[in-house]
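Input: a single structure, listed below in structure tokens.
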Amino acid sequence: MLPKSLRLQGRGGFEAVFRTRKAIFGSEIGLFFRPNNLPGSRVGFAFKQKVFPRAATRHFLKRKGSAIMRELAVSLPEGMDIVILFHKPFSRPVEYTALKEMLTELIKRLNQEKK
């Protein structure tokens, strides 16, 4: 689980990020973001329920994503709220390394766009 300081919580926080409509998309994962005027960044996970109807699958992806984001926390831009949206089914079984590569690429693109 992510440390509390890194977690985006509450429906209002997620809705505010989605309302800004600033996003970067990969093949199966999208990354929505907005400035939060705080010293650190916060991360949340969202799922399209039609794509991932089983709660076990959503929990699995959230656990893996949280572990990866803990490792990548130092590379996050300062003062951003980020929502990672799993919007398409994976074409292959999800492995930790593949998911980490996808998230690393999205964070790299976010850092380039923020500059």
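Listed here are the residues, each with its yes/no results for (1) open to solvent by less than 50 Å² (accessible area, probe 1.4 Å); (2) without any contact (Cβ under 8 Å) to a residue 60 or more places away in the chain; (3) assigned to a helix (DSSP H, G or I); (4) farther than 20 Å from residue 3 by Cβ.
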| position | (1), (2), (3), (4) |
| --- | --- |
| 34 | no, yes, no, yes |
| 51 | yes, yes, no, yes |
| 56 | no, yes, yes, yes |
| 59 | no, yes, yes, no |
| 66 | yes, no, yes, no |
| 69 | yes, no, yes, no |
| 77 | yes, yes, no, no |
| 82 | yes, no, no, no |
| message | I want to confirm something. Restricting to segment 91-108 and keeping residues that are open to solvent by 80 Å² or more (accessible area, probe 1.4 Å) and touching a residue at least 60 places away in the same chain (Cβ under 8 Å), which single residue is nearest to residue 72 (Cα to Cα)? | response | 105
| task | Please enumerate the residues belonging to segment 15-32 that are in contact with a Phe, Trp or Tyr (Cβ under 9 Å, 6 or more places away or on another chain) and open to solvent by less than 70 Å² (accessible area, probe 1.4 Å). | result | 17, 18, 20, 23, 24, 28, 29, 30, 31, 32
| Residue count, segment 84-115 (criterion: in contact with a helix residue (DSSP H, G or I) (Cβ under 7 Å, 6 or more places away or on another chain), among the hydrophobic types (A, V, I, L, M, F, W, C) and assigned to a helix (DSSP H, G or I)) | 3
| note | Of the residues in segment 10-31, those that are touching a residue at least 12 places away in the same chain (Cβ under 8 Å) and part of a loop (DSSP other than H, G, I, E, B) come to 22, 26, 27, 28
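The values are calculated or read from the model by the stated rules, or taken from the named source; none is laboratory data. Being a predicted model, the structure only gives us computed values, none of them experimental. Backbone-built Cβ (ideal geometry, glycine too); neighbour counts: all protein chains shown. Just the protein is used for accessible areas: all its heavy atoms, side chains included, with ligands, DNA and RNA removed. Shrake-Rupley method; radii C 1.70, N 1.55, O 1.52, S 1.80 Å.
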